[in-house]
Every structure is written in C-alpha cells, then in structure tokens.
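Have a look at the structure below, then the notes.
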Amino acid sequence: MTAPVDVPASSREPGPSATRLRTNVVACLLIAVWAVIALRLIAVQGFSRVLSERSARRQRTFVETLPARPGDIRDRARRLLATSIRTHSLALDPSEIDEPRRVAESLAGVLGLDADALAERIVAAHGKRFLWVRRQLTPDEAESVAALQLPPAAWHFRVEHRRVYPQGTVASHVLGRRDIDGVGRGGAEEAFERWLVGRDGRRTLVRDARGFVIDVDGSQTVEPVHGRDVRLTIDSVLQADVERRMDELMDDCRPLAACAVVLDPRTGEVLAMASRPQLPIAPEAEGSSAKDEDLGWRNHALSSMFEPGSTFKPFIVAAALDQGLIARDESFHCGFGAYRMGRRVLHDHHAYGLLSVADVLVKSSNIGMAKIGERLTNDGLYEAATAFGFGRRTGIELPGESPGRLHPLERWTSYSTGSIPMGQELAATPLQVAAAHAALANGGVLLSPHVLLQVDGPEPAYPAVVSRPVASEETARWLVQGPLVDVVRRGTGQKAKLAGYSVFGKTGTAQKQDPETGGYSHSRHIGSFVCGAPATSPRAVVLVAVDEPTRGSSTFGGIVAAPAAADILRATLESLQAPPSAGLP
Amino acid sequence: MTASLKPLFLGLTAILLGVGVMLVFSASVSSRPGDPEVAYIAKHLVFLALAAAIGGAASQVSPETWRRLAPYLFLGTVVLLVLVLIPGLGVKVNGARRWFRMAGLSLQPSELAKLTLPLYLATVLEKQRRVGATFRSDLARMLGPLAGVSLLVLVEPDLGTAALLMATGAVVLWSGGWPLRRMLAAAVLASPGLLGLLFLKPYQWQRITGFVDAWTAPHLAPYQIRQSLLTLGVGGWFGQGLGAGWQKLSYLPEANTDFVFSVVGEELGLVGTLSVVAAWIGLYVVGLRLIDERRGDWFARTVGFTWLTMLVFQAALNIAVVTALVPPKGVSHPLISYGGTSLLVSVTILGAFCGLMRPRDGSAVPE
C-alpha cells in the first residue's frame, strides 16, 4: 500500500467545510426523499387496504357454474327415452385475444368453421368477456381444441349437458324437447321440468393473471343438485308400434294430421300417444312447408279439437239410462231417415224404422239419438257432457292441452237438443273422447289420463289421479258388452274385429266447418274410431282420429280409422299379454 | 469508530441482500411449478456468490490503484456500450438493446458505468483542478465523456439509466467541489439538449403528462402501476406472509425485478417495507459516517460519496416508481432485485466503497 503521491493537490481543494456543506446538502435531500417515501408507503399500505384487497380478490377469483344434470326420462319398463351427456362448449374471452386472426384460423381448422366469419365475430366482440364459438362439442372436437394450446385466459370450456333421445323420434310429442339451454319445450320435458331440472352449483376458482386455475376456494363451493329421473306410463315398444302404424295410415290416407291414444281404462295411464305429422326436428321433416311444421309441433291428441260425432253418442245413452228416461228394451222410431225438430229436419245415412236403444248406437242413428236427447232436454244433455269431462281439460300433465269447446247452457238453443246427442255443436280433443270411453270401460268411473308413472329418488312422487263416477257400473257394462260390441260385430266398426278378442268400439265421422260458408263441409271430415278389449274386462282403450283424409274410398271413421285402431289394439293386448276371450273364434 | 461502523455497514448490506434472496425466490414462484422458479433463485445465488467474490476483491483495491485503473475501466465500459448496440452482439428485449447474453447469463454494460463513471470523472477532476484547467478544458475532458456515455445509454434506449448517469456525473462534480459558476454554466449549456429530448421523443412527454393525470384518476394509471399499488395495499400492515402473496402470480409484471419491492409490501407488509427503508437510510447514514472519518483522501471521499449516494438514490427511485410517486421507469432495486449485472455492480460498489474507506498506512493526512 503506497501513499498517493499526488495528494499534495489537496492543498488546492476547497476547504473541507465547503465540501462538507455540499455533500450534506445532497445527503439531506436524499434523506428527505426517503422520508417522503416512508410516508407514501404508510399511505398506500395503511389506508387503502380494504379496497385493494377486494379488488385484488376480484381480479383473481372466478365463479364457475357446476351444471346440474337433468334427470332421465324412462318408459314404464325403465327403458331410456331421454338422457343427458356431458359435453364441452367452447367460449372465448375476446378481451384477452390479441391476435383474433390467428385464434380464428386455428379454431376454424379444428372445428370446420369459417375462419373469416369467426375472426370477424371476435373483432366485433372486442371489449366483451364472453363469446360462444360452438356449443356442445364432440369429445374429439374438444380434445383437438384443447390441443391447440391457445392462451389459457382467452378461452374456456363450459360443461353443458346435451339432451339425447336414444329412441330417436319415438314418443317425440309426448317427450317434447329440451333445448340447448336446458329448458324443456313441450311434452314431458316441459311438464316435469321441476323434477327433471336440478339446481346448478357453483365453485370459486382462483386464477393467476394468465388464466391458469391455481386453487379452488372450497368454502364457497355449492354442490349442484342433479335433476331427478322421471318414469312415464308410456310403453316405448308399443309406442313404436303405434307410430309405425300411424305412419302407414298417413301414407294410405294422406290426411292433414292424425293421432292415436292408448289408455289403460283401469288406471288412466297413457300407454301410447302418437301424433302426426312428426315433429319438424326429425330429419325426414326437412323441406316440409311452414304449415306442416306448425302441425308437426302440435300433439294433436290433446291440443286439437274436433266435433266427436257418433263417438259421443254412448255417453248420452248412458245418462238417459241412468236417469231412467229410457229403458234398455225401449225402441225408437227413426222416421225412415227423416225427422222434423221444429224447423229442422234431421237425416240418417240409412232409413230406419223402429230401432232398439242398442241399435240406435249400432246403426248410429242420428234421429234415434235426437229422440233420446228430447227426453234428456238441454239440461240433461249439458249435465251428461260435463259429467264425461267435455268442455274442460282432462288434467293430463302435458302442456298445450285444449279444454275442447262446450258452450255454456245459456247459449244452447232448440237446435242443441238435436245436435248434441249426435256429437255436434261441441268440440273435444281426441284424449277427452278416449278418456270418456275409458270411463265406460272402467265401469263408469272416469279417471284423469296421465303420463307420469313415478318420479324416482329417495322420496318418489306419483301422479295425482282424479277418479269420478260418471255412469252406473251396470249401465256402463251393458253399453260396452252390448251395443258397443255389436258396433264391431255387425255395425259400423266391423273393420275392427280381432280374432280371439271381444272388441267393443264406436265410429265417428265429423264434418269439419267449411271456412268459406261457415256451415258443415261435405268434403272435409274427421274420421275417428275408438275401441277396446276385452269387452268383459277391458284392458285397453284405443282411439285413432284422422283429420281430412284425402285418399281412399271413404272418409268414414269406420273405414279410415278403424283398421289402424284395431291393429293398435291388437298390439296393445299382445304387449299386455291379455288373455283372449274364451269361446271366440 | 471504524471498527464498529464497518460491521454495521456490512450487516445492513447483508440484510438487504438477504431480503433480496428471499423475495427473488418467492416472487419467481409461478402458479405452474416448474424449472423457472428454481432457475431464478439458482442464478441469483450464482450471481450473489460472484458478486461477493468480486466485491471482496474490490475492497482490497487501494485508492491509488483505482486512480490508475479508472481510465481503462471507463474505456472498457464505453467499448461495451458501443458493442451492445450492434445487432447480433446485443440482445433486444422489449425494443431495447441493453444486454449481452451468454451461457444463460446476461450482462448490462450500462450498469457497469455506474461503477466506472464516478471513478473516471473523479480522476479527471482531480487532475483538472491540480493544473487549474479552464472551463473549456473541463467541458472537453469531463462533460464530454459524461454526455457521451449518457448518449450511448440513451440510444439503447434506456432513458432512466441515462438520467441516472447524468445525475451521477453531477454528484461527482458537485461533491468534488467543482466551482458553482461552472456548474451553472454547464447546466445552461445542457438544458437545450434536455428540452430537445422531450420534443424529439414525444411519447416520453406523454408518459409524464399521462402519469400526472393518473394522480387524479387512478384507473387511468398504467397497468403495472395499478397492480403495484394493489399489491402493496393487499400487504397492509403485516403482510400476507412470506411466500403467501398472490399478486406475483403474473398479475404484477416483473415481480422479481423492478417491482420486487411491491412483493416485499404484499408478503411482509408495511413493517417489511419500512424496515427496508430503514435499512437503506441506515446504510446511507453509516456510509456517510465512514466517509466523514476518511478525512484526508479527496478522491476516496468524492468517489465513495457518489457511489453510495447514487446506490441509495436508485433504491429510493425504485420505491418511488413502485408507489407511483414518479412516472414508471425501468429502475431495479439495488441488492434486492433479481438481475445479474445490477447485483454484481451494486455489491462491487459497496465492496470498493469499504476499500476506499479503509485507513491506510501513511495515507492519513492530518487535517
């Protein structure tokens, strides 16, 4: 260590006190700066703390929905009709995307989208935090998207449940559809929404700034409550048979619409219910007209109404018998085809003379019915119609049910006395007619038809079935086993004969209103046929209604609807394994 | 006195370095465990060991040796500052070419200037004063090199470091006793250049006005400043605990370098940040006392004062940026920030400072 040689220069330095003054000024300034900094720190860390904590928490936490899985819908044998599968739906956070073009191109490549359109959508959504790219991806698509390694903050999958109907279009009108947002639209999906749809849970995630999830805040988690499974009264095998038969009917008769209902008269359970045209979502419905689509969305069995015509006649007879206004062995003279009621002349299709009560039904004589109507008077007719459930909804759970139309008694006229007994001047849904016939088949007890068998789960729920006597058991049995069996054996319903079973039934042919004249049309009909078996202990009631058949020899219910109804009845009896009646061919 | 002051000085240095090691480790943690977080601390420790060795060596260098080496060290610095501007040699990061990179380590020559510039200027000033040089000669021999180095840093571009180097030069001249008239004259001469700079680079001006606006409307503040204030605020009085901070998980940019002090605030709270402030003030005060005791050697006192002041000033400037007292500027926190050259140079400066303050046989000139 050598002493610096040129130190003597220090003699010409400014005096030590001067240097010291200068360094002290700098030192004091710097210490003052530090004092300001200390005060600033106290301000920043001492006062604005709560606010900071909240905003810091907000920027790093993220509430994720844990979607509840909708319950399955099964048929009475627990066959799956509707179920849900977990899918991933792809959403972007446009505010986190710096290169919309590149992101759009890579996604478009994987998902087969139009890259330009997607890029445009991303740019248009600039500043927003959410943009669907495509929902409910297939597993392969989801995997490919994940493999793209896009910036994690820019995209995420949202778990959604996709509703699938393993049996395709079978029972589609009964089931309705669950839309992409998980909302039931029509049918059981809508009717049983409160059981099928659970309650979404949620979970708070902690993310870093790049979007990586780094923690789950368990204290904030709300578990989802999944939907409950619902079992329907539908037998999906029978339902498929019914639908096949209805498709044939559509081909044969080319009507506007048609429907079929199969009821178990002992319980009110709907075993099958089909409506045509098919729901427009079915692939074969593509290209159909707007009117067709409109018709396709309707479940005609419960939302369309028509004048029941002759199928209504047995209820009037039942009421007249029960009130003692007519006797079973009584005969009515049917005026050889014409009967004057005031200013009105009624006609029968064939000229009949004296007909027994049974034959009035078997031959479906309008004049005979009008005479019974005169005995009942308007009051009695109105009472009979309401008793059998006309003019109000049957109470089936499915949405869109029409109450039919039964004018209030005040609006009835002397015309009504002749019209109502032959099933005119009132309108009913096919389901109302089927349910009323099921009441006769059930010994006179009307049961509200229903499609819910049971809601599964720890506390099962069951349908509320309303049961009400509407006719005496004796009268009901006589009608079913007597005149209504004869309708099939020797009357208008002979096409519904089934080997081995005693079939009862009633035909109906209603004239539609002519939109031009307002009166009854002679070319536009609704043919219907209701039947059941076995007559001694009915297990099934089937109704088929055909709206405006355009092809075939006749529009009569006994011609257009009876064969289909008979086929359906046989399929039903077979599926129920109902024993054939002894002694029948 | 020296016997008790120097361990205190080294102790405070060690405390700040220790805080640095902890916080670099903590702030480098990311949400995805992996190599980088270990890589940062490993490199930091390698640099720390290197810094301790070089600083230890520097503490053994006598003032006389520093005087002799000063021109060469300065020339070396200038050469490196020129080389770093050459594409291919210098690495461009975020639009600025400030670094050499080799074998995974990077070197920032402008940091070296913080060490060599005061040495050189003090050496020259000493000579100039001895010969009674004219103002013109002073301009050529001192302000010329100062302006040259600053300009080289400015074109990288690195306005912050350039300004720090200018300030360094000013402190040398001021504390070295350069006549007041000449200082004023130099300031007048330099002012057109400084003003011209603001016009040449309007975005710098915008940054300043934008910053002033942000004082009244915090949501307009730049992202990193908002995050920095948020991070400090979350820490509160006692902090979230070491390693328990959230903000460093990529919300706070440059959490382990320029904004490491925010992480100190989040994890150690106001207690932690004020302790660091106290450590720096303590280091400064103790350093000033050491200088005081080193009466005789003008060169050692001037260089030592400049080094110490600028180091402590840079720490203050860093906290001022972090707490939004001044416009955002890329200034690291000496001894605490991760950053190879900065750490190396800071420790070397403190080592050399201790060397300069060591009384030597025969060097003590009685006042």
Of the conditions (1) open to solvent by 10 Å² or more (accessible area, probe 1.4 Å); (2) facing chain A (nearest Cβ under 9 Å), the single one that B:LEU344 does not satisfy is (2)
Scanning the stretch A:500-521 residue by residue, those modelled with pLDDT under 80, in contact with a Lys or Arg (Cβ under 8 Å, 6 or more places away or on another chain) and not in a strand (DSSP E or B) turn out to be A:ASP514
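Restricting to the stretch B:303-326, name every residue that is within 7 Å of another protein chain (Cβ to nearest Cβ), β-branched (Val, Ile, Thr), over 9 Å from the mean Cα position of the chain (by Cα) and within 20 Å of B:THR348 (Cα to Cα). Steps first, please.
Within the stretch B:303-326, the subset within 7 Å of another protein chain (Cβ to nearest Cβ) is B:305, B:309, B:312-313, B:316, B:319-320, B:323, B:325.
This time we only want the ones that are β-branched (Val, Ile, Thr), so: B:309, B:312, B:319, B:323.
If we keep only those that are over 9 Å from the mean Cα position of the chain (by Cα) as well, we get B:309, B:319, B:323.
Result: B:THR309, single match.
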Among the residues of the stretch A:124-132, is any under 30 Å from A:GLY457 (Cβ atoms) and not in a loop (DSSP other than H, G, I, E, B)?
-> no
Specify the residue that is farthest from B:HIS44 (Cα to Cα); the eligible residues are those in the stretch B:122-138 that are away from chain A (no Cβ under 14 Å) and open to solvent by 10 Å² or more (accessible area, probe 1.4 Å).
-> B:THR134
Just one of (1) assigned by TED's automatic domain parsing to the domain that holds A:ALA439; (2) open to solvent by 10 Å² or more (accessible area, probe 1.4 Å) trips up A:VAL262, so point out which.
-> (2)
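Quick check on my filter: what residues within the stretch B:77-121 are of a type in the set (S, T, N, Q), surrounded by 12 or more Cβ atoms within 10 Å (Cβ to Cβ) and more than 30 Å from B:ALA300 (Cα to Cα)?
Kept after step one, since they are of a type in the set (S, T, N, Q), are these residues of the stretch B:77-121: B:77, B:94, B:106, B:108, B:110, B:116.
Then drop every residue that is not surrounded by 12 or more Cβ atoms within 10 Å (Cβ to Cβ), which leaves B:77, B:106, B:108, B:110, B:116.
Selection gives B:SER106 alone.
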Could you tell me whether A:LYS506 is touching a helix residue (DSSP H, G or I) at 6+ places or on another chain (Cβ under 9 Å) and among the charged types (D, E, K, R)?
-> yes
Verdict on B:LEU10 being at pLDDT 90 or above, surrounded by 15 or more Cβ atoms within 10 Å (Cβ to Cβ) and either assigned to a helix (DSSP H, G or I) or hydroxyl-bearing (Ser, Thr, Tyr) (or both) = yes
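Here's the yes/no breakdown for (1) free of Cβ contacts under 8 Å to residues at least 40 places away in the same chain; (2) within 20 Å of A:GLY444 (Cα to Cα); (3) assigned by TED's automatic domain parsing to the domain that holds A:CYS334; (4) open to solvent by 20 Å² or more (accessible area, probe 1.4 Å):
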{"position": "A:TYR352", "(1), (2), (3), (4)": "yes, no, yes, yes"}
{"position": "A:VAL357", "(1), (2), (3), (4)": "no, yes, yes, no"}
{"position": "A:GLY368", "(1), (2), (3), (4)": "yes, no, yes, no"}
{"position": "A:ASP379", "(1), (2), (3), (4)": "yes, no, yes, yes"}
{"position": "A:PHE388", "(1), (2), (3), (4)": "no, yes, yes, no"}
{"position": "A:GLY391", "(1), (2), (3), (4)": "yes, yes, yes, yes"}
{"position": "A:GLU397", "(1), (2), (3), (4)": "no, no, yes, yes"}
Being crowded, with 18+ Cβ neighbours inside 10 Å, within 14 Å of another protein chain (Cβ to nearest Cβ), in contact with a Pro (Cβ under 8 Å, 6 or more places away or on another chain) and within 30 Å of B:ASN94 (Cβ to Cβ), is that true of even one residue in the stretch B:160-168?
-> yes
Odd one out for B:LEU350, checked against (1) under 19 Å from the mean Cα position of the chain (by Cα); (2) in a helix (DSSP H, G or I); (3) surrounded by fewer than 23 Cβ atoms within 10 Å (Cβ to Cβ) = (3)
Does A:VAL503 satisfy being in contact with a Cys (Cβ under 6 Å, 6 or more places away or on another chain), of a type in the set (A, V, I, L, M, F, W, C) and crowded, with 19+ Cβ neighbours inside 10 Å?
-> yes
List the pairs whose first member sits in the stretch A:485-499 and is assigned by TED's automatic domain parsing to the domain that holds A:THR311 and in a loop (DSSP other than H, G, I, E, B), whose second member is of a type in the set (D, E, K, R) and open to solvent by 30 Å² or more (accessible area, probe 1.4 Å), and whose Cβ atoms are under 8 Å apart, counting only residues at least 6 apart or on separate chains?
-> A:GLY491/A:LYS363; A:THR492/A:LYS363; A:LYS497/A:ARG489
Among (1) at pLDDT 90 or above; (2) in contact with a Leu (Cβ under 9 Å, 6 or more places away or on another chain); (3) facing chain B (nearest Cβ under 7 Å), where does A:ASP72 come up short?
-> (3)
Candidate set: the stretch A:6-19, residues that are out of contact with any helix residue (DSSP H, G or I) (no Cβ under 6 Å at 6 or more places or on another chain) and at the interface with chain B (Cβ under 8 Å from one of its Cβ atoms); chosen: the one modelled with the highest pLDDT | A:THR19
Residue hits (the stretch B:228-274; facing chain A (nearest Cβ under 7 Å), within 18 Å of B:VAL326 (Cβ to Cβ) and small (Gly, Ala, Ser)) are B:GLY265
Going through the stretch B:169-184 in order, the residues found to be outside any helix (DSSP H, G or I) and open to solvent by less than 10 Å² (accessible area, probe 1.4 Å) are B:GLY176, B:TRP178
Filtering the stretch A:494-529 down to residues that are under 17 Å from A:ALA358 (Cα atoms) and within 33 Å of the chain's Cα centre (by Cα) yields A:VAL503, A:PHE504, A:GLY505, A:LYS506, A:THR507, A:GLY508
Give me the pairs, please: first residue somewhere in the stretch A:165-179 and more than 10 Å from A:LEU279 (Cβ to Cβ), second residue anywhere and among the aromatic types (Phe, Trp, Tyr), beta-carbon distance under 9 Å, and either six or more positions apart or on two chains.
-> A:ALA171/A:TYR165
When you scan the stretch A:563-582, how many residues do you find that are open to solvent by 10 Å² or more (accessible area, probe 1.4 Å) and either among the aliphatic types (A, V, I, L, M) or not in a helix (DSSP H, G or I) (or both)?
-> 7
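This table checks each residue for (1) open to solvent by less than 10 Å² (accessible area, probe 1.4 Å); (2) touching a strand residue (DSSP E or B) at 6+ places or on another chain (Cβ under 8 Å).
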site	(1), (2)
A:GLY182	no, yes
A:ARG194	no, no
A:VAL216	no, yes
A:GLU248	no, no
A:LEU271	yes, yes
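The values are calculated or read from the model by the stated rules, or taken from the named source; none is laboratory data. The shown structure was predicted, so the numbers you read here are calculated from the model rather than taken from an experiment. All Cβ positions, glycine included, derive from the backbone under ideal geometry; neighbour counts span all protein chains shown. We work out accessible area using only protein heavy atoms, side chains counted, and drop any ligands, DNA or RNA first. Shrake-Rupley method; radii C 1.70, N 1.55, O 1.52, S 1.80 Å.
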